[in-house]
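Visitor: Starting off with a structure, shown below.
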Amino acid sequence: MSASQGHVYTTMNGSTKTMPSTTFAPRPSTNVPPATQIFEPLAKSILSHRLFYNIFAYSAAFSLASTVFLAGGDDASFLLRLFQPSTWINASLTWLLGVLPIIVARKVFLTPTPEPTTSPSKTVATAFAKPTTRRSIAIYITSSLLLLSLDFVRTWSNSEDIRLSIFIKSRKHPYYLNGRFIFFVFAQVWLSISFALRDIMLERFVFRWAKALPSSNAPFLPRNLAMLLLTSTLFTFASFAVYNIAFGLARLALLPLLLRIPLLRSLLRPFFGHFIRGPWTLTLPLRHLSLESHAFTLALSMFANWEFAESLFDVYIPQPIKVASATADPNVTLVSGITSTNPLYLHFAYAELRDVALDDRPANASRRTALFSDQKFSPSVWSTLARESLLRLGHDYQTFLRRGAHPPADVPLLAVPPKAVKPPSTPLLRRAIFKAQEQSPIAKVLGTFASDSDLSKATDAVACDLGARIVEAPIPELFRSTSSLPAAATTPATTTAGATTPQQNLNGTYVSRATARCRGLVVKYTPLWCREVIAQWDAWWSRDRINKVTEKCLPNRDLDALIVEVLAGLVCASLTEDRYGVVQRDIPRIVEAFLSFLTALEEYHAEVTKLYIPPTPDEITQEDFKILMEKERTRVEVAKATEAIGIVADSMLFFYLASSDVADAPFLRLALKSGVADIARTFGEKLVAFKFPPRIAKKLQSFVDYA
């Protein structure tokens, strides 16, 4: 009989019966579902809701308000404009053509992976190395030109006499471009590029975790709205002033130079030839005030709409979300979220897990108990949570040890060509068949040193074994830093990457000589005060900031802080809520990870703190403003760097503290010993059951003695 039919047996009365078949084969183990199946679709639905009902709605309302207020007129005309259909049509077109593309570009080009840079020059260079930056700038320029076209249509429909035709009215030269039209077009392009550069400097295309609720940081609140309008006005005024100067200099110097080139002269003269004799000079703002005011109003409206939409995106998108409560198994949903490869969803998943781990309400306590005892998956829910969290901390720990540098790339192994198969043949004896003469002792010794003897082979084997032991030194597996490749492996890659042809060297020499020659001419014919100003701006542009260097070492510090808070809260709760002790086996690894990371942060904090040297009494007495300003700048940067380090370091102690007064103290670093001592007080004598490496045990013992 087959296994599916069961086992047939005969009873004592002669009847036959079939026993149902049973199988003792292990069931296939199932892992926790990936984030793309459970968590990410729910998070995307909430983000889409925020995009439509918060960002789209509020930005459209602001476009309507800007259309009404910036149209001019008294209070009566304001009320009339508010209920006119043309006002609503203009506001809708303004939002569709000028604001919606900016919001969509921000959504599409938003990156959750930060790439910190140490100076403004490196920030701009890194941004322009990405194709998304060039596309976003193109979208800004296109939106500004569409707003300009809409303004032209509205101006012509209102019969305003500002003479914005494309060509001038001339029968002799019908293709001469109107100077006012050129001024408007280049003004919109200039201002859109200025706004895009401002976004690049503010790193707005990088996801930033929100630390304040939208109720206190929303841009439509009176205080925030006033600050937004003031910022937009000042930035528009500064950009517009620089544009007027650049436009005048281009008319005086650049255009005559272009018209002297034979090929360009034949192409540009039919369109721009009249500007040679025209009155377009640096005094343009004084003689065309109506044109200047109209262009400034249009630019201010564009800047305000863009800034308001960008501020809405900054406030609402990074806010924490709660999706687990709407699912059948909230714990599996959250643990599935932390397996995502996108750091954006990792932030949301760990933020919701933090609320579960730290809340003392009975509902969350039952959820924690269910999380610890859930064994439906293999590995279990808690094992998946602990493994993914520690791997993420270990990756960021290695990044911190490398001070933000990328790991060395593995050298690709060269493919060994297959050996040709030879046909079988009768082997020939290649050795002497007669008995060899015995060598003298001296000849044996010389042969040993001159050939691959057993002694040399044994030496090579010992050396290889020693090298393997050095590589496999007892470093924590979680936080094993990336070691450098052997010199024999890295030399070919370095030689290949650094090899340059003679033509490249020659081109680089010409470029360097030309650059040095131009710099020498600038230094020779520039006044002293101008050279000092240029030197200051160059130092500001290319100088590495201490706080930026620290941020580069800890690019995911906010996510690391969330991970530490989650693990810390769950470990503390496991003392009374873990029925089967599944968390106990991972406590040594978690404590080792925390103390290893914390030790490295403390050492780096000591290095950063030494960079600031307070001014001496002699320097204060002499009032050397240059030295005092330099030291004050260093002090501010060191303080910001310390704050960046404290985001991770203080989170390691924050949720171990028993007193909220200590947790809210301004010097959280000073409360670190009290926090780790609270772990010892919480577990008490149970810490003896855990085994730690010697260096971790020594570090932990110092906190226990302090407690």
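The values are calculated or read from the model by the stated rules, or taken from the named source; none is laboratory data. As the structure is a prediction and not an experimental result, all values here were calculated from the model. Heads up, the Cβs are rebuilt from the backbone with ideal geometry, glycines too, and the neighbour counts pull from every protein chain shown.
Visitor: Would you mind stating whether Thr132 is outside any helix (DSSP H, G or I) and within 27 Å of the chain's Cα centre (by Cα)?
Guide: For Thr132, the condition - outside any helix (DSSP H, G or I) and within 27 Å of the chain's Cα centre (by Cα) - is not met.
Visitor: Still on this structure, please answer the following. Does Val608 satisfy the condition of being under 31 Å from the mean Cα position of the chain (by Cα), of a type in the set (Val, Ile, Thr) and at pLDDT below 85?
Guide: Numbers: under 31 Å from the mean Cα position of the chain (by Cα): yes; of a type in the set (Val, Ile, Thr): yes; at pLDDT below 85: no.
Spelling it out, it is not the case that Val608 is under 31 Å from the mean Cα position of the chain (by Cα), of a type in the set (Val, Ile, Thr) and at pLDDT below 85.
Visitor: Might you check whether a residue that is more than 30 Å from Tyr345 (Cα to Cα), at pLDDT 75 or above and not aromatic (Phe, Trp, Tyr) occurs anywhere in region 572-582? Talk me through it step by step, then tell me what you get.
Guide: Kept after step one, since they are more than 30 Å from Tyr345 (Cα to Cα), are these residues of region 572-582: 576, 579-580.
Now restrict to residues that are at pLDDT 75 or above: 576, 579-580.
Then drop every residue that is not not aromatic (Phe, Trp, Tyr), which leaves 576, 579.
Yes.
Visitor: Have a look at Val124, Val104 and point out the one that is surrounded by fewer than 17 Cβ atoms within 10 Å (Cβ to Cβ), at pLDDT 90 or above and farther than 20 Å from Ile546 by Cα. If you could, list the steps in order and put the result at the bottom.
Guide: Numbers: Val124 fails: farther than 20 Å from Ile546 by Cα.
Residue meeting the stated conditions: Val104.
Visitor: Criterion first (exposed (fewer than 13 other Cβ atoms within 10 Å of the Cβ), in a helix (DSSP H, G or I) and either in the same structural domain as Ser301 (by TED's automatic domain parsing) or at pLDDT below 75 (or both)) does Val185 satisfy it?
Guide: Values: exposed (fewer than 13 other Cβ atoms within 10 Å of the Cβ): no; in a helix (DSSP H, G or I): yes; either in the same structural domain as Ser301 (by TED's automatic domain parsing) or at pLDDT below 75 (or both): yes.
The answer is no for Val185.
Visitor: So, in region 519-574, of the ones that are surrounded by fewer than 18 Cβ atoms within 10 Å (Cβ to Cβ) and of a type in the set (Asp, Glu), which residue ends up nearest to Phe597 (Cα to Cα)?
Guide: Asp544
Visitor: Still on this structure, please answer the following. Scan region 351-384 for residues that are farther than 15 Å from Ala573 by Cα and assigned to a helix (DSSP H, G or I) and report the count. Spell out how you get there, then give the answer.
Guide: Step one: filter region 351-384 for residues farther than 15 Å from Ala573 by Cα, giving 351-352, 374-381, 383-384.
Those left that are additionally assigned to a helix (DSSP H, G or I): 351-352, 381, 383-384.
The number of residues fulfilling the criteria is 5.
Visitor: If you don't mind, there's one more thing I want to ask. Checking Thr599 against (1) among the polar types (S, T, N, Q); (2) surrounded by fewer than 20 Cβ atoms within 10 Å (Cβ to Cβ); (3) touching a Gly at 6+ places or on another chain (Cβ under 9 Å), only one condition comes out false. Which one?
Guide: The failed condition is (3).
Visitor: Of everything in region 575-586 that's in contact with a helix residue (DSSP H, G or I) (Cβ under 6 Å, 6 or more places away or on another chain) and closer than 18 Å to Phe692 by Cβ, which residue is surrounded by the fewest Cβ atoms within 10 Å (Cβ to Cβ)?
Guide: Asp586
Visitor: Quick check on region 55-99: of everything there that is surrounded by fewer than 14 Cβ atoms within 10 Å (Cβ to Cβ) and of a type in the set (D, E, K, R), which residue is modelled with the highest pLDDT?
Guide: Asp75
Visitor: Further question on the same structure: Please work out if Ala212 is more than 22 Å from Val185 (Cβ to Cβ) and modelled with pLDDT under 75.
Guide: Yes; evaluated as a whole, the condition is true for this residue.
Visitor: Looking at region 46-60 only, could you name the residues that are touching a residue at least 24 places away in the same chain (Cβ under 8 Å) and small (Gly, Ala, Ser)? Quick ask: steps written out before the conclusion?
Guide: Here is the first cut: in region 46-60, the ones touching a residue at least 24 places away in the same chain (Cβ under 8 Å) are 46-47, 50-51, 54-56, 58-60.
Hits for region 46-60 are Ser59, Ala60.
Visitor: What's the number of the only condition in (1) under 23 Å from Ala241 (Cβ atoms); (2) modelled with pLDDT of 90 or more; (3) of a type in the set (A, V, I, L, M); (4) out of contact with any Gly (no Cβ under 7 Å at 6 or more places or on another chain) that Leu147 fails to meet?
Guide: All conditions pass for Leu147, except number (4).
Visitor: Being surrounded by 11 or more Cβ atoms within 10 Å (Cβ to Cβ) and of a type in the set (Val, Ile, Thr) is the filter here; which residues of region 602-625 pass it?
Guide: Val608, Thr609, Thr616, Ile620
Visitor: Can Ala370 be described as surrounded by 18 or more Cβ atoms within 10 Å (Cβ to Cβ) and either of a type in the set (S, T, N, Q) or within 18 Å of Pro33 (Cβ to Cβ) (or both)? Even if it seems obvious, please write down each step before you answer.
Guide: On the way: surrounded by 18 or more Cβ atoms within 10 Å (Cβ to Cβ): no; either of a type in the set (S, T, N, Q) or within 18 Å of Pro33 (Cβ to Cβ) (or both): yes.
No: the conditions fail for Ala370.
Visitor: Look at Thr118 and say whether it is surrounded by 15 or more Cβ atoms within 10 Å (Cβ to Cβ) and either assigned by TED's automatic domain parsing to the domain that holds Asp329 or not in a helix (DSSP H, G or I) (or both). So that I can check it myself, show each step before the final result.
Guide: Numbers: surrounded by 15 or more Cβ atoms within 10 Å (Cβ to Cβ): yes; either assigned by TED's automatic domain parsing to the domain that holds Asp329 or not in a helix (DSSP H, G or I) (or both): yes.
Yes: the conditions hold for Thr118.
Visitor: Let me ask something else. Just need a number here: residues in region 92-115 that are in contact (Cβ under 8 Å) with a residue 40 or more places away in the chain, in a helix (DSSP H, G or I) and under 16 Å from the mean Cα position of the chain (by Cα).
Guide: Count: 3.
Visitor: Here's another thing I want to ask about it. Looking at region 385-409 only, could you name the residues that are charged (D, E, K, R) and outside any helix (DSSP H, G or I)?
Guide: Scanning region 385-409 gives Arg402, Arg403.
Matching residues to (1) modelled with pLDDT of 90 or more; (2) loosely packed, with under 13 Cβ neighbours inside 10 Å:
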site	(1), (2)
Arg204	yes, no
Phe207	no, no
Leu229	yes, no
Ser232	yes, no
Ile261	no, yes
Ser266	no, yes
Gly273	no, no
